[in-house]
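I have placed the structure first, in the form of structure tokens, so that the comments after it can refer back to it.
The values are calculated or read from the model by the stated rules, or taken from the named source; none is laboratory data. Keep in mind that what you see is a predicted model, and the values were worked out from it rather than measured. Don't worry about glycine lacking a Cβ; one is built from the backbone with ideal geometry, like all the others, and counts go over all protein chains shown. Keep in mind that these areas ignore ligands, DNA and RNA; they rest on the heavy atoms of the full protein, side chains included. Shrake-Rupley method; radii C 1.70, N 1.55, O 1.52, S 1.80 Å.
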Amino acid sequence: MAGRNFLFIPGPTNVPDRVQNAMLGAMEDHRSPQFPELGHAVLGGLKKVFKTTSGTPIVFPATGTGGWEAALTNLLSPGDLVLAARHGQFSHNWVEMVKRLGFKAELLDAEWGEGTPVERFLEILEKDRAHAIKAVLVTHNETSTGVTSDVAAVRRALDAAQHPALLLVDAVSSLASIDLRMDEWGIDACVAASQKGLMLPAGLGIVCVSEKALAAQEKSAQPRYFFDFGNMMKSNATGYFPYTPALMLLRGLRESLAMIEEEGLENVFQRHRRLAAGVRAAILDGWQLGLCARAPKWYSDTVSAIVVPEGIDSARIIDIAFRRYNLSLGTGLAKVAGKVFRIAHIGDLNELMLLGALGGAEMAMQDAGMRIEPGSGVAAAQNYWRGSDAAAKTKVVSTATAAAGDHR
């Protein structure tokens with residue numbers, strides 16, 4: 001098929017040309033005296049993205065799932081109890097891992113379309129006077145439903161209950177896209193991956209850990225080897241890795257971190273907020289459809305899960321979009337399979353790229369039998385982005401005019 005595939009799934013995301021170019025080249029000796037320049041650059045750059053000065057980033061040749069396992073096996077001991085909520089496919093998967101690894105879970109089921117139930121967490125933490133709960137798990141951004149949870153509120157709940165449990169956060173689809181503050185929110189282990197907001201191919205599982213977490217790691221009796229924090233940190237201190245690293249991905253990560261710093265992390269967050277709002281305007285105002293996220297407070301800035309009408313199979317929309325229009329949309333998972341399709345707005349993208357995705361989604365929905373006014377979603381997004389950009393443009397023009405006046 002002519003033209004480039006329009007990739008609008010929530011991972012892997014588009015890889016910028018700069019990052020692709022950085023990953024090209026000959027292999028190198030990962031034990032050479034020069035290699036630590038790369039190791040130190042990557043680890044130092046990650047601290048900025050996690051918004052931490054005291055945390056320690058650790059990079060594994062893995063994925064986010066590997067990061068989950070690393071966090072659990074380094075910070076817990078066999079039989080330890082964790083508190084977690086299940087409100088989407090990925091929060092569910094993390095809990096399943098907890099059980100398979102031999103830990104115990106106090107599990108709260110919440111509606112798919114809502115986030116972490118902070119009030120219920122608080123009640124349980126206040127009743128746990130013996131501090132049997134050793135860790136609290138939070139999925140910051142649940143990609144299966146397009147929902148973002150309030151991590152800061154969970155930290156406040158832990159503090160209000162005066163509970164010492166570790167706070168473990170899945171930031172796989174939020175890091176470098178949605179505001180996340182490791183130090184300020186008291187996150188003890190934050191899990192991420194390369195193929196989302198970091199704009200790389202899959203292959204790196206990243207965990208950033210606090211000093212409190214490292215103290216817990218020293219007491220952990222859980223067997224581990226590949227994912228051992230201690231082995232990694234000992235080598236990382238000199239810029240090396242204890243076993244062969246994913247060299248090309250590390251080169252790409254160094255470049256993606258440079259791109260994020262050039263744009264400015266806060267500007268990256270603002271861009272994602274603005275693009276997400278335009279997509280939601282297309283869905284809600286243009287197409288007159290609903291979101292899986294049940295309230296605006298849950299809306300994700302990296303992915304929107306669109307609910308299709310009764311009698312329509314969302315899987316058919318996704319199939320048509322790919323086969324006829326070379327557009328990749330996210331599928332509905334588990335409980336929402338066949339009921340939603342997802343448009344991701346994460347990583348390296350802009351308004352025009354999203355307009356292409358919205359236009360393709362409109363055609364696919366029409367072909368699948370939905371009554372969608374042609375151009376309605378595209379127009380709603382255009383109107384939002386043009387309107388939201390007007391103030392900024394006016395300010396730029398005014399500044400430019402003033403500067404020109406200074407030279408007269």
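When region 25-67 is limited to residues that are free of Cβ contacts under 8 Å to residues at least 60 places away in the same chain and not acidic (Asp, Glu), the one that is nearest to residue 193 (Cα to Cα) turns out to be 44. The residue list 180, 198, 250 contains one member that is in a helix (DSSP H, G or I), touching a strand residue (DSSP E or B) at 6+ places or on another chain (Cβ under 9 Å) and at pLDDT 95 or above, which is 250. Residues of region 63-81 that are within 24 Å of the chain's Cα centre (by Cα), open to solvent by 20 Å² or more (accessible area, probe 1.4 Å) and not acidic (Asp, Glu): 63, 65.
Conditions tested, residue by residue: (1) within 19 Å of residue 214 (Cα to Cα); (2) charged (D, E, K, R); (3) in contact with a Pro (Cβ under 8 Å, 6 or more places away or on another chain).
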residue	(1), (2), (3)
29	no, yes, no
37	no, yes, no
49	no, no, no
55	yes, no, no
60	yes, no, no
64	no, no, no
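Annotation: of all residues in region 201-227 being part of a loop (DSSP other than H, G, I, E, B) and among the polar types (S, T, N, Q), the one that is nearest to residue 177 (Cα to Cα) is 210. For the residues 154, 138, the requirement of being part of a helix (DSSP H, G or I), open to solvent by less than 10 Å² (accessible area, probe 1.4 Å), of a type in the set (A, V, I, L, M, F, W, C) and within 30 Å of residue 295 (Cα to Cα) singles out 154. Scanning region 105-135 for residues that are without any contact (Cβ under 8 Å) to a residue 40 or more places away in the chain, open to solvent by less than 10 Å² (accessible area, probe 1.4 Å) and either at positive phi or in a loop (DSSP other than H, G, I, E, B) (or both) turns up just one, 116.
Restricting 202, 192 to those that are touching a Gly at 6+ places or on another chain (Cβ under 9 Å), open to solvent by 10 Å² or more (accessible area, probe 1.4 Å) and among the small types (Gly, Ala, Ser) reduces the list to 202. Of the residues 312, 306, 372, only one is surrounded by fewer than 24 Cβ atoms within 10 Å (Cβ to Cβ), free of Cβ contacts under 8 Å to residues at least 60 places away in the same chain and either out of contact with any Pro (no Cβ under 8 Å at 6 or more places or on another chain) or in a helix (DSSP H, G or I) (or both); which? When all the criteria are applied, what remains is 312. In region 300-315 there is at least one residue matching the filter, namely being modelled with pLDDT of 95 or more and on the phi > 0 side of the Ramachandran plot. Among the residues of region 336-354, the ones that are closer than 18 Å to residue 302 by Cβ and surrounded by fewer than 24 Cβ atoms within 10 Å (Cβ to Cβ) come to 7 in all. Taken across region 82-104, residues that are β-branched (Val, Ile, Thr), part of a helix (DSSP H, G or I) and open to solvent by less than 10 Å² (accessible area, probe 1.4 Å) do occur, with at least one present. Scanning region 321-335 for residues that are open to solvent by 10 Å² or more (accessible area, probe 1.4 Å), under 21 Å from residue 353 (Cβ atoms) and assigned to a helix (DSSP H, G or I) gives 322, 323, 324, 325.
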